[in-house]
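Below is one structure, written out as structure tokens; the observations come after it.
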């Protein structure tokens, strides 16, 4: 009787699991196919010569073409980052283990089998992928049928390399199952924390293995580059660059650590010591990084202009968006009659289809002298401007109107890009205002009342109460907006006048996303465009990371 | 002694008057600033509507107010750009995407919110991390996947509905939003429903969904806006107007219309109208839900 009760409960539990897995299956499969798998697939594409059709395997060449020697340095840094992640995880686990008096270290061996299995799976997919892609070519001109597809699938599966790696993978899966069963029967998980340790070990070993492998592969690539360069009688100078720039980056990271611990010091002397140390390290790191321009001299210029344009675009929109919307939110928060209607109207630009509103802006800021903005300038006594067709930088234009010349590096964003910035601010202020309003609504009025009774003025209340308490909202919005500027596509595409050529402002409005898209869509360089997209991914990830470190530590969560 | 009791000081009359005046001036200046904001945010729309009603000569000139209202511009733009085709395409594409997205996301969100199963949190975190991936990384491999699927499978994907709908049916944003709401449904309701003999699906259909109208509406509106905006992906996976959505149609029309501003603005307004209607109908709940979730499609 007792036994049957237990087993029926078990069955019910399994049925629950099954229901849950069935319910999440469609979404999970779709997100895996079109959201997670593509990242690996893009990596695969970026390692090949791929112009509409897959060509030969290139290794890192696409990245080197994009970034010159800098790409080796970045690969080394990535590898070091993975190793640091792994070592950090070991340290955390050591602390946890000694706190709980556990001895989990022997779990590293079974974890090794599991992580090897995961790596073998990745390797197998990597080898099988080209065979699967070829099926589409083999099917051309034949009657599509299920039998044919299954037959071709079988052939792809049994192709030499794919089959060999499949063999390794299946053996490792068997080994994993055996290890899992042994662990289960050896009651390894009686201490429930052991399962966590096991997962931790798998993570650590994956990080260390991939990091080590990446260092090896990059090392081989650098040696190859040296060989090729020596044959041509040149010195690529990669190693000195890797060492100087790599140590520069490490110095800056240590300097940041010093800076953080300086704030925690209680005595003045220690504080000054740490600050001075941080500054020296920072200067040293910055000096070493000045090597950077030579390391990336032969890189693709489009990437650097794309990055520069994107940086201008971010810097020229995000601060203004946030300031204007905070201002509007505070005005709306006074709860005057009609504030609902104001909110609705401010939100309008955000919901408008971007192609339509960008088309309107393109005409408002048209270069024709009859266009509304030019008419406004004329009525104020100024000359009409070229606006969306003006490639020269706005600082240069201001300087020229004051009769002096600026050096080229100080030209600033082109006037055409400024129009796009104005458009973006116009579009997103309403959205940010709504979020800020919600943030303001969460601040307790008691605090404000108390400050008022203590005689704080309006500005003091804003500066010392409202602004700090809004910092989570500001943090969230700035993250969202910065990532948004890196993703921006539609309105820039419309305002630059669609595809084809450099666009109406001679490429000065082409952000990194646009550069990647034209490389892919017009020049049909799939491999190279994928490599560029990974550079974009790296930039976004490191921006998020830095923003997290700097701003995240200042966010005040009440 | 008796004098120590403090008597409330009466404010002199003119000081009181100044205070009232000050608060009035404050209110007026706030209104002035708010109205300035409104003027900036709606002037482009006003200009669009006015220009769309002008003759070609007026539209290219410096006028703001049309002398006569030329509604026939809309008819002409509608005919010239085949807007009716783009419109139906966009509506059909949105409906297909939405039906898939809603069904799949509701099911997944329910399982993530209310059923405990091994690997739940790790899987959810993994799915959520896809938000960080920039679209430009995914667009190339997805294009390859979609062409491949079309070439090996029985249905065409390129130049057809699947390429433009299926990839968007799995939406972690929708799952995330719905999960937040599903988690708030009290457990007592589920226990009661189980005693009545209903399983998960019936509980979901009869109790949970009727309680989650607000997030469902947000998802519907956002994905409507999303598919109304989609430009880069349709550019890749369609090459004839047969299955092109409205944003792409408008972008093309803007190129082709050249200097015919009145027609261009009529086309822009035609594109905006459905979104405006949806927004005005749902705007109160919509902006509030956006504010509450702080999320963006």
Residues A:48, B:70, A:464 arranged by fewest to most Cβ contacts within 10 Å
A:464, B:70, A:48
Send over the per residue convex hull volume for the range A:2-240, Cα only, as a whole number of Å³.
204
Between residue A:144 and residue A:99, the FRET efficiency computed from the C-beta separation at R0 = 45 Å comes out, to the nearest 0.05, as 0.15
FRET efficiency for residue B:24 and residue A:376 from the Cβ-Cβ distance with R0 = 30 Å, rounded to 0.05, comes out at 0.40
Along each of the three principal axes of the Cα atoms of chain B, give the extent in whole Å, ordering the values from largest to smallest.
101, 73, 37
May I ask for log10 I(q)/I(0) of chain A at q = 0.06, 0.09 Å⁻¹, from a Debye sum over the Cα atoms as equal point scatterers with solvent left out?
-0.46, -1.03
Picking from B:122, B:59, B:214, which is most flexible by a Gaussian network model of chain B using Cα springs under 10 Å?
B:122
Distance histogram in 10 Å bins (all Cα pairs of the range B:204-296, percent per bin)
14, 34, 29, 18, 4, 1
Per-residue counts of other Cβ atoms within 10 Å, averaged by peptide: what ranking do you get for B:88-98, A:443-453, A:391-401, B:196-206, highest first?
B:88-98, A:391-401, B:196-206, A:443-453
Run the quick spin-label model on residue A:264 and residue B:85: label points 7 Å from Cα toward the beta carbon, then report their separation in nm to one decimal.
6.7
Could you check the spin-label model distance between residue A:545 and residue A:464? Points 7 Å from the Cα along Cα→Cβ, value in nm.
3.9
Inter-label distance for residue B:280 and residue A:153, nm, one decimal - labels placed 7 Å from Cα along Cα-to-Cβ
5.3
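Average partner chain C-beta neighbours within 10 Å, per residue of B:124-134?
5
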Per DSSP H run of n ≥ 4, the term is -39500 (n - 2.57); total these for chain A, divide by its residue number, and report the mean residue ellipticity at 222 nm rounded to 500 deg cm²/dmol.
-25000 deg cm²/dmol
Residue A:369 label point, 7 Å along Cα→Cβ, cut-off 20 Å on backbone N: hits in the range A:387-412?
A:387-391, A:401
Rounded to the nearest 0.05, what FRET efficiency do residue A:230 and residue A:14 give with R0 = 56 Å and r taken as the Cβ-Cβ distance? Could you check?
0.30
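Give me the inter-chain shielding for A:35-47: mean count of other chain Cβ atoms within 10 Å, whole number please.
Partner-chain Cβ atoms within 10 Å, mean over residues of A:35-47: 5.
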If each residue's Cβ is checked for other Cβ atoms within 10 Å, how do A:142, A:127 rank with the fewest at the top?
A:142, A:127
At 0.36 nm per residue, and after removing the present C-alpha to C-alpha distance, how many nm does the segment from residue B:259 to residue B:56 gain when stretched out fully?
72.2 nm
PRE zone check, label point 7 Å out along Cα-to-Cβ of residue A:409, amide N under 18 Å, scope the range A:286-302, hits A:286-299, A:301
Measure nothing fancy, just the Cα-based angle from helix A:146-158's long axis to the longest principal axis of chain A, in degrees from 0 to 90, nearest 10.
80
With Cα coordinates, the longest principal axis of chain A makes an angle with the long axis of helix A:238-264, in degrees rounded to 10, of 70
Ratio to report: Rg/Rh of the range A:301-550, with Cα atoms as the point set and Rh obtained by the Kirkwood method; give two decimals.
1.02
Ranked by GNM mean-square fluctuation in chain B (Cα springs under 10 Å), the top entry among B:42, B:278, B:225 is B:42
Across B:142-152, the residue-averaged tally of Cβ atoms belonging to other chains within 10 Å stands at 5
Express in whole angstrom the spacing between the alpha-carbon centres of the range A:77-149 and the range A:296-348.
40
Nearest 10 degrees, 0 to 90: what angle lies between the long axis of helix A:512-521 and the longest principal axis of chain A (Cα atoms)?
60
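What is the Rg over Rh value, at two decimals, for the range B:1-160, using alpha-carbon atoms and the Kirkwood definition of Rh? Present the calculation step by step, with values, prior to reporting the outcome.
Working: Rg = 31.4 Å, Rh = 24.6 Å.
Computed over Cα atoms, the ratio is 1.28.
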Using helices alone, I'd like the mean residue ellipticity at 222 nm for chain B: each DSSP H run of four-plus residues gives -39500 (n - 2.57), total over residue count, nearest 500.
-23500 deg cm²/dmol
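None of the figures in this text is laboratory data; all of them are computed from the coordinates on show. Quick caveat: nothing in here was measured; it's all calculated off a predicted structure. Here Cβ is always computed from backbone atoms with ideal geometry, including for glycine, and neighbour counts include all displayed protein chains.
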